[in-house]
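Let me begin by presenting the structure, written as C-alpha cells, before commenting on it.
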Amino acid sequence: MEGLVQYRATPIYAVCKEYHSRSLPAFSVRQTRNFSRSHLLAMKRPQSFKPVAASVQPLESSLPGNFDNTLPSKEVLDLWRSANAVCFDVDSTVCLDEGIDELAEFCGAGKAVAEWTARAMGGSVPFEEALAARLSLFKPSLSQVQDFLQKRPPKLSPGIDDLVKKLKSRNTDVYLISGGFRQMINPVASILGIPLENIFANQLLFGDSGEFLGFDANEPTSRSGGKATAVQQIRKVHGYKTLVMIGDGATDLEARKPGGADLFICYAGVQLREAVATNADWLVFSFADLINSLE
C-alpha cells in the first residue's frame with residue numbers, strides 16, 4: 001500500500017440524515033481532500049433516532065461442542081462489573097452482519113469475499129492479507145459506497161443499545177474497535193451515542209474521481225494484532241484499571257494481551273467460532289446476560 005502515497009487519497013465519512021423509518025438515521029457520504037483524523041471525526045449527529053429492530057435465533061441448541069465457560073466465575077464477574085472501559089467488535093457483534101461482506105454483496109462479489117472473511121475471522125490467514133484480498137475482488141468506488149450507505153442501514157444486534165446505555169449509566173467508557181471501515185461504523189456509533197473519537201477502524205481511500213485506491217495501512221486495525229495494539233493504546237492514554245473486550249473473532253481474542261484487555265467475552269449470538277469461544281473468559285449468546293449481570 002506504500003504506492004498510495006503518490007496519489008491524493010480522498011476518504012469519505014458518513015453524515016446523518018433521517019430515514020423513512022423515524023427509528024433510524026440515514027447516512028449520506030461526502031468527500032474531503034484533507035486526510036486527517038479531525039476530518040474523519042467531523043460528523044453531524046442526528047437530532048432523533050432509534051436503532052433498527054433485529055432478531056436472531058439463539059445458537060445454544062446447535063452448539064458443536066460443550067463449553068465450560070458459559071457461566072462466569074466470580075473473578076470474571078468481578079472484572080466485568082468493575083470495568084472502566086468496554087471495547088466492542090462491530091461486525092457480527094454490535095451488528096448482525098460483516099460489513100465488508102455486505103458491501104461486497106451489494107457490489108456483486110459477495111460469495112468470494114465472504115469466504116475470505118471466514119478464513120480471516122477463524123485466524124487461518126493474516127488479517128492484512130485477507131483485507132487486501134477481499135477489497136481487490138470488487139474495488140468499491142466512492143459512488144458505490146455512497147449508494148450502499150443510503151440503501152443498507154446498520155442492523156444492530158438485539159440488546160446492544162440497552163447494554164451500551166447500561167454501561168454509560170455506570171460511567172463506563174465504550175469503544176468500537178473494528179477491522180471494518182469507518183464509513184460504515186460512524187453511523188453505528190452515532191446510533192449508539194458513542195463518541196467518534198472512540199472508534200478504531202480502517203479507512204477506505206478514493207481518488208479525486210471517486211476511484212478506489214485502497215485502504216489506509218497506517219491504521220492499527222488494518223493488520224493482524226491491530227485490535228490488541230488499539231486496546232493497548234487506549235489503556236495507555238486513559239489509564240483504565242480494568243478494560244474488557246467483547247467480540248466474536250480471532251482478532252478480538254488477540255486483544256487479551258499484556259497491557260491490553262483484562263477480560264475477553266466472546267459474543268456468539270450471531271456467529272459461533274469454536275476456537276475463539278473455547279478460549280474466551282466468558283461465552284455469551286445474548287447481551288441480556290451481560291446486562292443482567294450488572295444489576
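Nothing in this text is a laboratory measurement; each read-out follows from the coordinates by a stated rule. These numbers were taken from a predicted model, which means no experiment stands behind them. Cβ atoms come from the backbone with ideal geometry, glycine included; neighbour counts cover every protein chain shown.
Laid out as a table, the results:
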read-out	value
Radius 9 Å from Cβ of Asp101, net charge of other residues (Lys, Arg +1; Asp, Glu -1)	-4
Exposure proxy order (Cβ contacts within 10 Å, fewest to most) of Ser209, Ser92, Ser178	Ser209, Ser92, Ser178
Gain on full stretching of the segment that runs from Lys111 to Lys74 - 0.36 nm per residue minus C-alpha separation	9.1 nm
Full-extension gain in nm, Glu295 to Ser143, via 0.36 nm per residue minus C-alpha separation	50.1 nm
Simple label model, 7 Å out from Cα along Cβ direction - Glu211 to Lys257, nm	3.6
Over 29 Å between alpha carbons, listed pairs Lys74/Lys241; Lys168/Lys257; Lys165/Lys236; Lys168/Lys227; Lys151/Lys257	Lys151/Lys257
Ser224 long-range amide H proximity, modeled H, under 5 Å	Phe127, Glu128
Nearby aspartates and glutamates by direct alpha-carbon distance to Lys139 (threshold 16 angstrom, same-chain neighbours under 8 apart not counted)	Asp101, Glu102, Glu105, Glu128, Glu129, Asp147, Asp208, Glu211, Asp216
Proxy reagent accessibility, fewest Cβ within 10 Å first, across Val90, Val188	Val90, Val188
Per-pair calculated FRET efficiency, R0 = 30 Å: Asn198 and Asn218 via Cβ, rounded to 0.05	0.95
Radius 15 Å from Cβ of Ser73, net charge of other residues (Lys, Arg +1; Asp, Glu -1)	-4
Neighbourhood net charge (11 Å Cβ-Cβ; Lys/Arg +1, Asp/Glu -1) for Ser224	-1
